[in-house]
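Every number here is computed from the coordinates shown, using simple stated rules; none is lab data. Since this is a predicted model, take the numbers as computed values, not measurements. All Cβ positions, glycine included, derive from the backbone under ideal geometry; neighbour counts span all protein chains shown.
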Amino acid sequence: MLKLFTNLQLALARAVDDEEGQGLTEYALILALIAVIAIAALTLLGGKVSDVLSTVATSI
């Protein structure tokens, strides 16, 4: 995970120097935000999803 963010920072640093890289930078920031939200959602809801799947499995 840390390597992903390091690579993302390097890509952003390279893109900042290039005017055409502005779009790439915006996409990278959006992707990073989505990744953080997905990790937070899985962390918060992981136990509940596991409980629901266990309930379904026992009822089958």
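Residues in the range 26-60 that are loosely packed, with under 10 Cβ neighbours inside 10 Å and small (Gly, Ala, Ser): Gly47, Ala57, Ser59. Within the range 28-60, take every residue that is under 20 Å from Thr6 (Cβ atoms) and not β-branched (Val, Ile, Thr) and give me the one that is nearest to the chain's Cα centre (by Cα). Only one residue tops the list, namely Ala35.
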